[in-house]
Amino acid sequence: MLIERAEQAVSRSKRSGLPFTVMFMDLDGFKTINDSLGHSAGDKLLKAFSGQLIKCVRREDTVARLGGDEFVILLEGLGLPQEVEPVARGLLERMQGDFRIDGTPLRVTASIGIATYPRDGDSVEALLKSADMAMYDAKQNGRNTYRFFDSAMSEASARTLQIYRGLGEALEKNQLSLAFQPKLGGLQQELVGAEALIRWRHPEMGDIPPMEFIPVAERTGRVVQIGDWVIAEVCRQIRRWEAAGLPRVKVAINLSPEQLRQPNCVERVRAMVEAGGVEPERIMFEITETVAMRDEELATEMIHRFQDAGFDIAIDDFGTGYSSMAYLQQFRVKQLKIDRFFTEGLDSNGEEGLAIVSAIIELAHSLQMVVVAEGVETGSQLSKLKKLHCDEVKGFLLARPLNAGDFEDFISRRPEARKAKALALVRERYTPLSGSLAVEN
């Protein structure tokens with residue numbers, strides 16, 4: 001019906017010369033509410049939100065729900081910014097209050113994209129696409145705001161918008177997967193852990209690198225759901241490796257600033273890990289130095305709360321932020337990961353590069369932190385890191401990221417796996433007898 005009414009509006013506009021406007025709206029954070037309180041509460045919230053939308057427009061306007069938490073408003077005869085802006089502001093102001101759903105007060109905001117016929121599209125399809133792009137631009141600029149379509153958005157945001165749309169289906173259609181990159185330590189380069197890395201293969205766009213889609217997920221709030229999926233999937237893989245009798249491996253998971261700002265973040269994560277049947281000590285969470293420096297007070301609180309819950313914490317990409325060393329003692333994390341920039345400097349920056357890495361390692365060791373060097377790609381880098389007593393290393397020289405099945409094979413071929421199986425066999429062949437060990441024939 002929306003398309004039909006929009007096509008009628010196009011016909012009327014062609015005859016009268018009067019423009020009309022569409023507003024494309026997407027609720028901010030609705031999926032979190034839907035997932036945490038259930039679909040019944042989510043449906044009631046959508047109905048309550050719809051009721052408020054209808055109160056904000058005239059009788060001749062059209063309010064439509066396209067699906068999920070997406071709405072479109074068709075404003076007849078309005079085309080000038082000074083005519084449309086009061087409507088957009090009124091919508092946002094009306095949403096400032098709480099919706100009471102089953103006795104629970106909930107607050108939901110919206111990002112609004114605005115496009116006008118014929119300036120921003122000469123067909124209904126083109127107009128909706130322009131409004132959709134403007135909506136995404138509103139999400140990128142903090143959410144709970146509105147944006148008018150601009151032609152520059154078409155070139156700058158086309159792929160980003162496609163990624164944003166695709167992320168909505170990535171979890172539902174099982175397009176996401178995990179890769180695991182081994183971390184090796186000690187002079188014998190024993191397997192000491194792995195880092196979980198997310199991968200996304202879109203049916204049309206192909207493989208999309210994390211550096212491209214994670215920022216989009218962070219700006220639009222979808223990173224929280226993706227982060228929850230990563231934690232659940234890591235727990236599932238750990239249980240699978242345990243069932244196969246493989247050595248215990250601690251897995252590192254990156255935490256985004258959006259996850260850290262979630263209410264009861266630590267409690268939610270602890271509950272997910274417990275539900276996954278995994279002990280907290282099997283998982284290490286990584287926070288990038290930039291995120292930690294952005295809000296030292298929040299970072300310190302969250303680090304200590306995660307540690308109190310039994311999780312280890314690592315500072316990732318160390319050396320890329322500012323005032324780093326002043327806060328290391330305050331954070332008291334388990335692990336410090338040297339950014340690959342400094343690892344590369346071991347080859348390219350001569351004695352200066354060596355001195356910087358040496359200083360980082362000595363500082364971390366003085367604070368009883370384990371040091372991990374990322375991005376090890378040459379034998380000379382590895383040799384220098386060993387001489388500097390770097391605890392653990394990770395990089396393409398040693399092992400590339402592996403899918404879950406290949407990583408399982410990687411573990412099973414390691415000397416640690418053979419030792420673990422030999423120890424298990426010894427335990428099977430020895431049984432306690434009167435407080436001592438008796439050998440079975």
Check: Per residue, what volume in Å³ does the convex hull of the Cα atoms of the stretch 212-367 enclose?
Finding: 138
Next item on the list: Using a 1.4 angstrom probe on heavy atoms only, work out the carbon and sulfur share of the accessible area of the stretch 181-327 in %.
Entry: 50
Note to self: In whole percent, and with a 1.4 Å probe on the protein chains, what portion of the accessible area of the stretch 19-102 is carbon and sulfur?
What the structure shows: 50
Item checked: Of ALA131, ALA309, ALA196, the one that fluctuates the most in a GNM where the chain has Cα springs shorter than 10 Å -> ALA309
Check: Any idea which of PRO263, ALA138, PRO215 is furthest toward the positive side of the dipole for the chain, if Lys and Arg beta-carbons carry +1 and Asp and Glu beta-carbons -1?
Finding: PRO263
Margin query: I'm spelling it out carefully: the read-out is Rg and Dmax of the Cα atoms in Å, the candidates are (i) 27.0, 100; (ii) 20.8, 67; (iii) 23.7, 85, and one was derived from this structure. Which label?
Written below: (i)
Checklist line | Probe 1.4 Å - accessible area at LYS386, Å² to nearest ten | finding: 80
Next item on the list: Tell me the label-point distance for the pair GLU85, ASP409, using the 7 Å Cα-to-Cβ offset, in nm and rounded to one decimal.
Entry: 6.2
Item checked: Solvent-accessible area per residue for the chain (1.4 angstrom probe, square angstrom) -> 49
Next item on the list: Determine, from the Cβ-Cβ distance of LEU397 and ALA271 and an R0 of 51 Å, the FRET efficiency 1/(1 + (r/R0)^6), rounded to the nearest 0.05.
Entry: 0.85
Item checked: Ranking by accessible area, most exposed first, for LYS31, LYS14, LYS129 with a 1.4 Å probe -> LYS14, LYS129, LYS31
Notebook entry, point to check: What full-extension length gain, to one decimal in nm, is calculated for ARG65 and LYS386 as 0.36 nm per residue of separation minus the Cα-Cα distance?
Noted result: 109.5 nm
Check: If you take the beta carbon distance between GLU344 and THR109 as r and set R0 to 35 Å, what does 1/(1 + (r/R0)^6) give as a FRET efficiency, to the nearest 0.05?
Finding: 0.25
Note to self: Tell me the angle of helix 415-429 to the major Cα principal axis of the chain, expressed in degrees between 0 and 90 and rounded to the nearest ten.
What the structure shows: 70
Check: Using +1 on the beta carbon of Lys and Arg, -1 on that of Asp and Glu, and nothing else charged, what's the dipole of the chain about the Cα centre, debye to 20?
Finding: 860
Check: To the nearest 10 degrees, how steep is helix 265-275 against the longest Cα principal axis of the chain, on a 0 to 90 scale?
Finding: 60
Item checked: Options ILE315, GLN368, GLY350, ranked by Cα towards positive dipole end of the stretch 277-385, top entry (Cβ charges) -> GLN368
Check: Considering the dipole of the chain built from charges on the beta carbon (Lys and Arg +1, Asp and Glu -1) around the Cα centre, which of ILE231, LEU328, ALA126 is farthest to its positive end?
Finding: ILE231
Notebook entry, point to check: For the peptides 108-121, 246-259, 295-308, what is the packing order when you average, over each peptide's residues, the other Cβ atoms within 10 Å and list the highest mean first?
Noted result: 108-121, 246-259, 295-308
Check: What is the magnitude of the charge dipole of the stretch 150-248 about its Cα centre, with +1 placed on the Cβ of each Lys and Arg, -1 on the Cβ of each Asp and Glu, and no other charges, expressed in debye to the nearest 20?
Finding: 340
Notebook entry, point to check: How high is the FRET efficiency from GLU301 to HIS365, r the C-beta distance, R0 25 Å, rounded to 0.05?
Noted result: 0.45
Checklist line | Between helix 124-140 and the chain: long-axis angle, C-alpha atoms, 0 to 90°, nearest 10 | finding: 50
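The values are calculated or read from the model by the stated rules, or taken from the named source; none is laboratory data. What you are looking at is a predicted structure, and each value in this text was computed from that prediction instead of being measured. Backbone-built Cβ (ideal geometry, glycine too); neighbour counts: all protein chains shown. Areas reflect the complete protein model, heavy atoms only, side chains present, ligands, DNA and RNA absent. Shrake-Rupley method; radii C 1.70, N 1.55, O 1.52, S 1.80 Å.
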